[in-house]
Amino acid sequence: MARSVKECAERVVSALQKTERVNVLSVAEILGERNAIVYQSIGWLAHEGRILYLQEGNQVYISLAAEQA
């Protein structure tokens, strides 16, 4: 499972390199991956400081941290 979380995290970063930000609820659909794996991957990336959370109203987005972009 750790391997798939790491692989998914790499895919999340790759997807974010192609766009400025992504709604956190859309990431699993974009990647065609299970929600549980995607949310673990996002948490991993946030812990490492590689992504940022942005809130606009009641929507939450993620984007790459400046040094990752």
Looking only at segment 6-24, decide whether some residue is polar (S, T, N, Q), surrounded by 12 or more Cβ atoms within 10 Å (Cβ to Cβ) and not in a helix (DSSP H, G or I). yes
Residues being of a type outside the set (Lys, Arg), within 16 Å of residue 11 (Cβ to Cβ) and surrounded by 11 or more Cβ atoms within 10 Å (Cβ to Cβ): count how many of those fall in segment 27-69. 24
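No value in this document is a laboratory result; all are computed from the given coordinates. It should be emphasised that the depicted structure is a prediction, and the values quoted were computed from it without experimental measurement. Note that we place each Cβ from the backbone using ideal geometry, even for glycine, and neighbour counts take in every protein chain shown.
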